[in-house]
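Okay, so here's the structure we're looking at.
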Amino acid sequence: MVQVGLLLSDVPKSVSPAQQFKDVLRIVDAAQENGFTYIAIGQHFLYGDLRWLQPVPLLARLAAHVEPDVKLVTQIMIAPLYHPVMLAEEIATLDVVTEGRLIFGAGLGYRPEEFDYLGIPFKERAGRFDESLQVMKKLWTEDDVTFEGKYFRLEGVKPHLRPVQDPHPPIWIGAHAMAGVRRAGKYGDAYATPPETPKEEVLERFRVVRDLFAERGKEFGPQPLRRNVLVADTREQAMQEYARVAQGRYLTYMNKGLDVMKGTDLENEFAKAVSGHAVVGDPEQVVAQLTDLVTTLPVDPLLMRPQWPTMDADETIAAIARLGKDVVPSITAIAPNRELT
């Protein structure tokens, strides 16, 4: 079956960190009750009026809270902000703590200020990311590691910590730019498509990943796909609600440097601007759109975002319950498509 996952959201700083954590536990419980078997969380640093709980300690705690079949995903960690030795050991430990249920999702990062805060040149992030992926794999799989790169150097070090999963947790690389898609094909185990990517572009990107996998002798299978989803009694109600909860966040993304919606009028023509990627409508329409995605593309799991910073925990739980009643059973009844045309 095609499995479904939940993308947790950042929240306003007006919610205390302690309350945010309590809300996460309630939201995760609701997700499990409604058929979600992946829990994923993103990452940012010094994010202003919004807050992310950091993924490594949070997922370590959730590992003791969720059912044994639930996988935990860092979606995504900003890998170039870390030294690869530190990140390799953090992720290996998290894989141990989650008892092999971890998926390591990583990305390049797009906010120059985050790199400034941590003293890492923004223009070096791609090279650092590529080298980090190489170093981490070595640290997870080799007894004696030597690496000579532009940014990182190790000489005959002996790793003391390996992940539970062999050879390591699956590496999902998220990226908006085609260079990142190629990085996923060259170094990753999957390409985690951003929610804003239209279907025709998803197909193009999957083909790039497939071809680069083939060059490595790696089999291409179903890939994770992220989608923003909202279901209501009618299409009109759903779009009105989606604009209420999400429009401000799209504008924030754009203002913080993420230009995936460049060239669209998010303020005056929001419905038109998001029509190519957001899955919004009545139950029948949402099921039809998602079914089309998972039957015509090789997708598994389907990661859904039902939560936005404008929503409190009760609203989020209600949205998850609606998905669990009206949408999830139809998607999980579908066998994953493994063909890419």
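Tallying residues that are open to solvent by 20 Å² or more (accessible area, probe 1.4 Å) and either within 22 Å of the chain's Cα centre (by Cα) or free of Cβ contacts under 8 Å to residues at least 60 places away in the same chain (or both) within region 232-245 yields 9.
Select from region 102-119 the residues that are open to solvent by 20 Å² or more (accessible area, probe 1.4 Å) and in contact with a Leu (Cβ under 9 Å, 6 or more places away or on another chain) and list them in ascending order.
Tyr110, Glu113, Tyr117, Leu118
Pairs are defined by a Cβ separation below 8 Å, a sequence spacing of at least 6 or placement on different chains, a first member in region 146-170 that is closer than 15 Å to Asp130 by Cβ, and a second member that is surrounded by fewer than 16 Cβ atoms within 10 Å (Cβ to Cβ) and among the acidic types (Asp, Glu); the pairs so defined are Tyr151/Glu124. Of the set (1) in contact with a His (Cβ under 6 Å, 6 or more places away or on another chain); (2) under 24 Å from Ala92 (Cβ atoms), all apply to Pro198 but (2). Scanning region 283-301 for residues that are of a type in the set (D, E, K, R) and open to solvent by less than 30 Å² (accessible area, probe 1.4 Å) yields no hits at all. Only residues that are hydroxyl-bearing (Ser, Thr, Tyr) and surrounded by fewer than 14 Cβ atoms within 10 Å (Cβ to Cβ) were counted in region 120-160, giving 1. With the structure loaded, tell me whether Ala18 is more than 20 Å from the chain's Cα centre (by Cα) and among the small types (Gly, Ala, Ser) or whether it fails that test. Against the criterion (more than 20 Å from the chain's Cα centre (by Cα) and among the small types (Gly, Ala, Ser)), Ala18 qualifies. Return only the number of the condition from (1) farther than 28 Å from Val209 by Cβ; (2) out of contact with any Lys or Arg (no Cβ under 8 Å at 6 or more places or on another chain); (3) open to solvent by less than 50 Å² (accessible area, probe 1.4 Å) that Asn337 does not satisfy. Only one criterion is unmet by Asn337, namely (1). Only one entry in Thr37, Thr74, Thr93 is touching a residue at least 24 places away in the same chain (Cβ under 8 Å), among the polar types (S, T, N, Q) and surrounded by 21 or more Cβ atoms within 10 Å (Cβ to Cβ), namely Thr74.
Within region 1-25, the set of residues being without any contact (Cβ under 8 Å) to a residue 12 or more places away in the chain and in a loop (DSSP other than H, G, I, E, B) comprises Ser14, Ser16. Taking the conditions exactly as written (at pLDDT below 90, among the hydrophobic types (A, V, I, L, M, F, W, C), in a loop (DSSP other than H, G, I, E, B) and over 20 Å from the mean Cα position of the chain (by Cα)), does Leu258 satisfy them or not? No: the conditions fail for Leu258. Quick check on region 172-189. Is at least one of its residues closer than 19 Å to Val135 by Cβ, open to solvent by less than 40 Å² (accessible area, probe 1.4 Å) and touching a Lys or Arg at 6+ places or on another chain (Cβ under 6 Å)? The answer is yes, given that some residue of region 172-189 is closer than 19 Å to Val135 by Cβ, open to solvent by less than 40 Å² (accessible area, probe 1.4 Å) and touching a Lys or Arg at 6+ places or on another chain (Cβ under 6 Å).
Annotation: of all residues in region 191-219 being open to solvent by less than 30 Å² (accessible area, probe 1.4 Å) and over 26 Å from Ala246 (Cβ atoms), the one that is farthest from the chain's Cα centre (by Cα) is Phe213.
The values are calculated or read from the model by the stated rules, or taken from the named source; none is laboratory data. Just so it is clear, the structure is predicted and the values come from calculations on it, not from any experiment. Every residue, glycine as well, gets a Cβ built from its backbone with ideal geometry; the counts of neighbours run over all protein chains shown. Ligands, DNA and RNA are stripped out before the accessible areas are found, and what is left, the full protein with its side chains, is counted by its heavy atoms. Shrake-Rupley method; radii C 1.70, N 1.55, O 1.52, S 1.80 Å.
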